[in-house]
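First up is the structure itself, then whatever we jot down about it.
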Amino acid sequence: MTSSSESILLLVPHVKLKKNEGELYLMSERLGWMVGNKDSFNVSHKYSDIKTQKISPEGKPKVQLQVCLHDGSATTFQFVNPSGQAEQMADRDKVKDLLQLMLPKFKRMVNKDLEEKKLFLSENPQYRQLYMDLVKSNVISAEEFWSDHATQFIKQQQETKNATQQDVGISASFLADIKPQTDGCNGGVRYLLTSDVMASIFRTYPSVKQKHLKCVPNKMTEEEFWKKFFSSHYLHRDKNINDTKDLFTDCGKQDEQVLKQDLTTAINDPLLDLTALNDIEDETSGTPSNAKINNIAHQNMIRRFNQHSILVLKASEQAAGAEPATVEAAPPKRMRLQEALTYDDLESNESNPTVQLNLCRIERYLNGPPTTVPSHAGVNKNGSSTGQAIDPNTFKSILGRWMRGGGDRYNPLDVLSSATAVTVLGELSIGGSLMRGPQPNSAIHLTSELQKELKELYVSLSEILKHFWAAFPPSTPELVQKTNRMIDALHKFNQAKLTPYEQKLIQASTSSEAENILRPLRFQLQAAIRKHSQLSERRPLPRTAVSSM
Amino acid sequence: MEDKEERIETSLVAIVIDATPAKKFASQPLDGSSMMNRIFDSLIAFGNAHLMQASHNKLAIIACNSKSTKFLYPSMDGNSRSYQNRPGQYDMFAKVDSDVRHGLGELILNDLTDNDSTKSDSLLGGAMARALCYIHRVQRELSLSHQLKPRVLVVSGSCDSALQYMTFMNVFFTAQKENVVIDCCMMDTDSGLLQQGCDITGGQYLHIPSVAGLLEYLLWVFLPSPSCRSKIVLPPPTKVDYRAACFCHHKLVDIGWVCSVCLSIFCKFSIMCTTCNTEFKLNRPAIVPAKSKKRARIE
Ligand SMILES: [Zn+2]
Ligand SMILES: [Zn+2]
C-alpha cells in the first residue's frame, strides 16, 4: 500500500519489468512499480537511492529506462504502450523529465551525507582503517557500519542536529555595499536593492519595517518607498538634524520611545550609576559654540550606537530560542554588595567535604602486601644459612683484624686473586655464562608491515566482538538478530581477513609460528562462536530473519 | 651549547653496602682470610678505583644493617680520624680505606652487642634513601661549571626486604625522577625488588655467581659510567618480574583486583576492601548486605 500522504506525481501504465507488465508510479519521494492487479509496490526506489537514470538509445526496438542505484544495482523498465513506439517514447520521456527534475533535489541531500561521511573518515584514521577492513571486505555492510560502529560519527551528527542554528548577522557595511549606478539618461543615481539588503534594513530599523508594512501596498509603490527612505532624514539624521517633516519622522520618534522604554526596563541594577558615564565637556577645545555643535553630533552618534547595541542584545536574546530567555531579576542590593566584597579565592576552602579514609589495616596501607607476614617467619634467611655456625667471638676477632687491616698491613691478595679474576673475565666475555640473555621472542621477527596488519586485525575483530558481546544477554528479538548478524560478520572476517593473513604469515615464517601469533585472535573468535552455538542449541534462533535483511 | 660542553662532568657513585650478611660471609674461609674480608676490601678498592678515574669524581659509601644506616665516607663524624697511608699511597685513598674500615666495623660491632641482627631485614631502603638525599645535596652545592652524573650502587647479599616494599618503591621512583641510576650487585641471593629498581632507573643488575671475584665484577660491569655502558658489551638485562603480590594471600598475581581508594591488591573479588573498608558497588544489588546503607553516607 502506498501511504496516503504521498502524492502521486505521475502514473504510467504499460511498463514492463522483467517480463511482467505493470504500472510505474512517480511519487514525491520515490518511484514505484506494481503489477497491474496488485495494490502494493513490487519495486520501489527512493529518489535519494538513485544515482543516475539511463535511457535506451534512439532507434532501438525496445524503449527502456534504467535507474542505477548507489549500491550498484539497477532496475530497467520497458515501456510497452500498445499505441506504438511514439507513445512509448512519450511515456518514457515524461518519466525521464520528471526524474530529471526530482533527482537533483535528492542528490544534494545524498551528496551532503556522503561528503560528511567522507570528511569524517579522513579526519578519523582509525575509523577509516576500520571501514576499509570491515566494509570493503564485505564483513559488514556500509549501513551497519555507519549506524552501529562509527559511534563517534553518530554522536557528531546528533550534535549538529541538536545545535540550534544561529542566524547569520547583518554585515556592518551592508548600506555601504549598495553601489550607486549612474543612470545614463536622467543623470541621476540608481541604487539596486536586493531582497537581502531590504531584509537587512528591516532588521536594522524595525520601525522602517512597520512603516513599510503600513504604506507599501496601498499608499505607494515599493520603489517610491525606498526612494523616500534613502532621501529621508531618518537615514541621514546623524548628518543633518533640523529638517522638515517627512515620511520617516515618526519612525525616529518611535525609535526614541522604544529606546527610552528599553532604558527603563533593561537597566534595573541598583549599583549601576549611568550618570557617571557622562561625557565631560572638554573646556580647552575650540570656541564654545563649536564645542556645542560637536557635542550634539557626538550625542547623536552615541545614541545611534546605543540603539544598535540594544538591537544586538535583543537579537542575541531571541537567538537563545528554546532556552528561557528571561533576564534574571537583578539580585537584591545587599547580595550584590556582598558579592563585590567577598573573594572566593581568599576564603578558606574548608567547606570541601572530605571523605575520611577508613583504614582498618594501616600497616597494610603503608607498607604494601607482604607486611602481614611476620617478618621473623623466614623472610630474611640471612641467619638461617651457614653463618649461624660462627661463634660471636671468632667473628669479632675476624672483624677486628679486618678493621686494622689498612695501612701497612694491607695485603693486595685479600682483594682479588688472579685466578679468580680470569674466571670472572671468562664469565663476562662474549659467550660467557653471564652473557646469555633470555631467548629472543620469535614474534619480534615480524616485518613492520605484517605487524601493522596484525594490529589492524585486532582492532577490527574487537570492534565486531564488542558489538557481539554487547548484545548479551539477547533478551529481545532485536538483540538475538544482532548476535546473528555479528556471528555472520565474524565468520566473514575469518574467511576474508584472518585466513589470508595466516597464509601470509606462514610464507613469512613457519606455520607453527603463525599459529602462535594468531592464537589470541582465534581464541577470541572461537569464544564468541562457541557462545553463539550454545545459545542457538538452547533456543532455536530465527535465522531466517537475518537472511531476509 | 658551548657552555654545556665546557661543563665538567662529575661522576658521583654512592655505594650502599648491606652489612647484614657479614656474619654469614665471615664464616666462609677464603685463602687464609674470610669471605667477609674479601668483600669489604673489594668495595674499598672499587671506591678508590672510581676516585682514581677522574679528579672530579665523587664517592659516598653508606652501610646499613637491620638496626641503622651509617655514612662511612665521607665520614659524618666531624672530627676526622687520623689515618695512616702506606708509603706512596694517595692521601684520599688512605682516607677512604681508613674511614670505611673504621665505620663499617663499628656498625657491625654495635649491632653484634644487640645480638639479633639476623632476625629482621636490613634497612637497605633507608640507606638508599639517604644516598639519594646526599646526591640531592651535592647536586645543589655543585658549582654551575660542573654537571653531576649521580648513581647508586647497591651491594647486597640478603633476600628481598619485604617489610620495606613501599620504601623501596619510593626510592626507585624518586631516583627515576631525579635521573639517578641505580645499579645492583647481588651476592648469593637474587632480589626481585632491586631488579625492578635497576630496570626502572636504567641501571645494571647483576647477580654474581662467585663472591670471591666481587672486585672483578664490580670493575668490569659497574665502573664504567652509565653513559658509556652502551658502548661496551655487558651482561644482557634480566627479565624483570613486575608482578605484585596480593594483600590477602601474598601470592604473585598476573591480574588482580585493586581497591580504587587505597590501592590494595587482591587476587579475588570481594565486595569490601579489607584494608580500608570501602565497599565496591557493582551491578549486583542482591549481594550487597543491608548494612551497607549506613556506610553509603560516608562515601
Ligand atoms: Zn590473595
Ligand atoms: Zn581499599
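The values are calculated or read from the model by the stated rules, or taken from the named source; none is laboratory data. Everything numeric here is computed off the predicted structure, so don't read it as measured data. Here Cβ is always computed from backbone atoms with ideal geometry, including for glycine, and neighbour counts include all displayed protein chains. Ligands, DNA and RNA are excluded from the accessible area calculation, which covers all protein heavy atoms including side chains. Shrake-Rupley method; radii C 1.70, N 1.55, O 1.52, S 1.80 Å.
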Practice task
Can you tell me which residue among A:P369, A:P374, A:P332, A:P324 is at pLDDT 55 or above and either more than 10 Å from chain B (Cβ to nearest Cβ) or open to solvent by 40 Å² or more (accessible area, probe 1.4 Å) (or both)?
Solution key: A:P332
Handout entry: For B:D121: the one exception among (1) at negative phi; (2) open to solvent by 40 Å² or more (accessible area, probe 1.4 Å); (3) at pLDDT below 90
Key = (2)
Completion exercise
Picked from region B:7-33 (must be open to solvent by less than 10 Å² (accessible area, probe 1.4 Å) and more than 14 Å from chain A (Cβ to nearest Cβ)), the residue modelled with the lowest pLDDT is B:T10
Practice task
Could you check B:G105 against (1) open to solvent by less than 60 Å² (accessible area, probe 1.4 Å); (2) outside any helix (DSSP H, G or I); (3) not hydrophobic (A, V, I, L, M, F, W, C) and say which number it fails?
Solution key: (2)
Exercise for the section: Would you tally the residues in region A:468-482 being open to solvent by less than 20 Å² (accessible area, probe 1.4 Å) and modelled with pLDDT of 85 or more? Expected result: 2
Exercise for the section: Inspect all residues belonging to region A:62-85 and state whether any of them is free of Cβ contacts under 8 Å to residues at least 24 places away in the same chain, in a helix (DSSP H, G or I) and open to solvent by 50 Å² or more (accessible area, probe 1.4 Å). Expected result: yes
Practice task
Note down all Cβ pairs under 9 Å where the first residue falls in region A:523-549 and is within 20 Å of A:N494 (Cα to Cα), the second is assigned to a loop (DSSP other than H, G, I, E, B) and at pLDDT 70 or above, and they're at least six residues apart or on different chains.
Solution key: A:K531/A:F472
Completion exercise
Across region B:202-211, the tally of residues that are at the interface with another protein chain (Cβ under 10 Å from one of its Cβ atoms) and either within 16 Å of ligand 1 (Cβ to nearest atom) or open to solvent by 20 Å² or more (accessible area, probe 1.4 Å) (or both) stands at 3
Practice task
From (1) within 12 Å of the chain's Cα centre (by Cα); (2) more than 13 Å from chain A (Cβ to nearest Cβ); (3) open to solvent by 10 Å² or more (accessible area, probe 1.4 Å), pick out the condition that doesn't hold for B:C184.
Solution key: (3)
Practice task
Go through the residues of region B:188-198 one by one and say whether even a single one is assigned to a loop (DSSP other than H, G, I, E, B) and surrounded by fewer than 16 Cβ atoms within 10 Å (Cβ to Cβ).
Solution key: yes
Practice task
Could you please tell me which pairs satisfy a Cβ distance under 8 Å, a separation of 6+ or placement on different chains, a first residue in region B:272-290 that is within 15 Å of ligand 2 (Cβ to nearest atom), and a second residue that is open to solvent by 60 Å² or more (accessible area, probe 1.4 Å) and at pLDDT below 75?
Solution key: B:N277/B:R295; B:T278/B:E299; B:E279/B:R295; B:E279/B:E299
Handout entry: Matching residues in region B:44-58 - criterion: being more than 7 Å from chain A (Cβ to nearest Cβ), of a type outside the set (F, W, Y) and out of contact with any strand residue (DSSP E or B) (no Cβ under 6 Å at 6 or more places or on another chain)
Key = B:I44, B:N48, B:A49, B:M52, B:Q53, B:A54, B:S55
Problem - Residue that is nearest to the other protein chains (Cβ to nearest Cβ) [pool: residues in region B:217-240 that are free of Cβ contacts under 8 Å to residues at least 24 places away in the same chain and basic (K, R)] - result: B:K239
Practice task
Sort out which residues of region A:132-155 are crowded, with 16+ Cβ neighbours inside 10 Å and not in a loop (DSSP other than H, G, I, E, B), and write them in order of number.
Solution key: A:D133, A:L134, A:E144, A:F145, A:W146, A:D148, A:H149, A:F153
Problem - Residues that are more than 9 Å from ligand 1 (Cβ to nearest atom) and touching a Cys at 6+ places or on another chain (Cβ under 7 Å), drawn from region B:227-259 - result: B:C259
Problem - Filtered residue count, region B:9-28, keeping only those that are over 16 Å from B:M187 (Cα atoms) and not polar (S, T, N, Q) - result: 4
Fill in the blank from the handout: With criteria (1) within 20 Å of B:A175 (Cβ to Cβ); (2) away from ligand 2 (no atom under 16 Å from the Cβ), B:A244 comes up short on (2)
